[in-house]
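Below: the structure, in structure tokens.
The values are calculated or read from the model by the stated rules, or taken from the named source; none is laboratory data. Source: prediction; values computed, not measured. FYI the Cβ positions are ideal-geometry reconstructions off the backbone, even for glycines, and counts take in every protein chain you see. Quick note on the areas: whole protein, heavy atoms, side chains included, nothing else; ligands and nucleic acids left out. Shrake-Rupley method; radii C 1.70, N 1.55, O 1.52, S 1.80 Å.
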Amino acid sequence: MRDLTRADITGIVDLAEKIESKAITINLSGYLAALLFFEPSTRTAFSFDTAIKSLGGNSLMMQSPENSSQQKGESFADTVRTISQYANLIVMRSAVEGAARYASELVDIPVINAGDGANQHPTQALLDIYSIKKTQGRIDSLKIALVGDLKYGRTIYSLVYGLAHFKPELYLVSPQHLQIRKYVRDDLVSLGVNFHETSEISSVLGDADVMYVTRIQRERFSGQYEYEQVKDSYQITARMIEQAAIKSNFRIMHPLPRVNEITTDVDALPCAYYFQQAKNGVYIRQALIARLLGVA
Ligand code: NCD
């Protein structure tokens, strides 16, 4: 996400808007994307697949690395180089931080990072920013609360660097053990981003335009004990929202999957936006792919 300028981000968002409103048609016929998912995924894998196929392109999906030749001892580099002989684009999710960037240095075709460990998830941030624009009418100068696992949540790391171009006021809400990592805090200071850290959701509910909730990233914890300490830190309920003096433009977003951090009774409230948000991922991924393949 740090590679993208403000103009890159608004360009992709504007193109997604045009694709969604059918103001532009893009044809990906003849293009093949390889979707390499070395970590579990539902939304990201399926929305990339949908994005490509609904524009006439095709995809190869590898969701179970047990079936690949890496099981025979082939190196990651050889696998990626081989796949680049067939495909025009690689989409990669890996538990290894930096995997997609490394892959991009090995091959001549574009590689999209669909999540690398606890590091980054840039296409999620782009769709989050698109969702913010759709619900708030703008991206600039908004009050955005980021809630939950700010230490391990890769969507958070991409979103803060994306939002940093748009003069946000950030509320970083987490249990003390899951605060955002220090290098990001330092970056926010040097980028001039206004932010406040707290462990109390109630203190930000009335102020926020958007509340972006994240799952406690169980798979990134070193042990069960550490996870048990924080697993139920936050639970947003319909009652909590109804009792707060929220703004009329207030929306709750979540990259999903949720576990228990938002109760299902919130889903019916007009401020719940997470399922529409998931749909926005298709348009944003179409826009990004079209840009990378040079067809829009
Ligand atoms: C996120 C991820 O994989 O980082 N999911 C997603 O892609 N929408 C968030 C999560 O797993 O909590």
Legend entry - Sequence-distant residues sharing a close amide H with TYR31 (under 5 Å, placed H): ASN58
Legend entry - Principal-axis tilt of helix 154-163 within the chain, Cα atoms, nearest 10 degrees: 80 degrees
Inset, instruction - Go ahead and estimate [θ] at 222 nm for the chain from helices alone: -39,500 (n - 2.57) per DSSP H run with n ≥ 4, summed, over the residue count, rounded to 500. - result: -11500 deg cm²/dmol
Legend entry - Dipole magnitude (debye, nearest 20) for the chain, charges at Cβ of Lys, Arg, Asp, Glu: 520 debye
Legend entry - Local electrostatic count, PRO257, Cβ distance below 9 Å [Lys/Arg +1, Asp/Glu -1]: +3
Inset, instruction - Find the Rg to Rh ratio for region 122-278, where Rh is the Kirkwood radius over alpha-carbon pairs and Rg uses the same atoms. - result: 0.93
Inset, instruction - Apply 1/(1 + (r/R0)^6) to the Cβ-Cβ distance of VAL189 and LEU60, taking R0 = 51 Å, and write down the FRET efficiency to the nearest 0.05. - result: 0.75
Inset, instruction - Please identify, among ARG218, ARG138, ARG239, the residue showing maximal mean-square fluctuation in a Gaussian network model of the chain using a 10 angstrom Cα cutoff. - result: ARG239
Inset, instruction - For region 62-113 and region 270-285, write down the distance between their C-alpha centroids in whole Å. - result: 28 Å
Inset, instruction - Calculate, for region 138-180, the solvent-accessible area per residue in square angstrom, rolling a 1.4 angstrom probe over the heavy atoms of the protein chains. - result: 26 Å²
Legend entry - Share of pairwise Cα separations in the chain, more than 25 Å, in percent: 48 percent
Inset, instruction - Subtracting the Cα-Cα distance from 0.36 nm times the residue separation, let me have the gained length for ASN67 to GLN229 in nm, one decimal. - result: 54.7 nm
Legend entry - Difference of contour (0.36 nm per residue) and Cα-Cα distance, SER199 to LYS182: 4.5 nm
Legend entry - 19 Å Cα-Cα reach of LYS53 towards lysines, excluding residues that sit fewer than 8 places from it in its own chain: LYS18, LYS22, LYS279
Legend entry - Theoretical gain in end-to-end length, VAL259 to ALA23 [0.36 nm per residue, Cα-Cα removed]: 81.2 nm
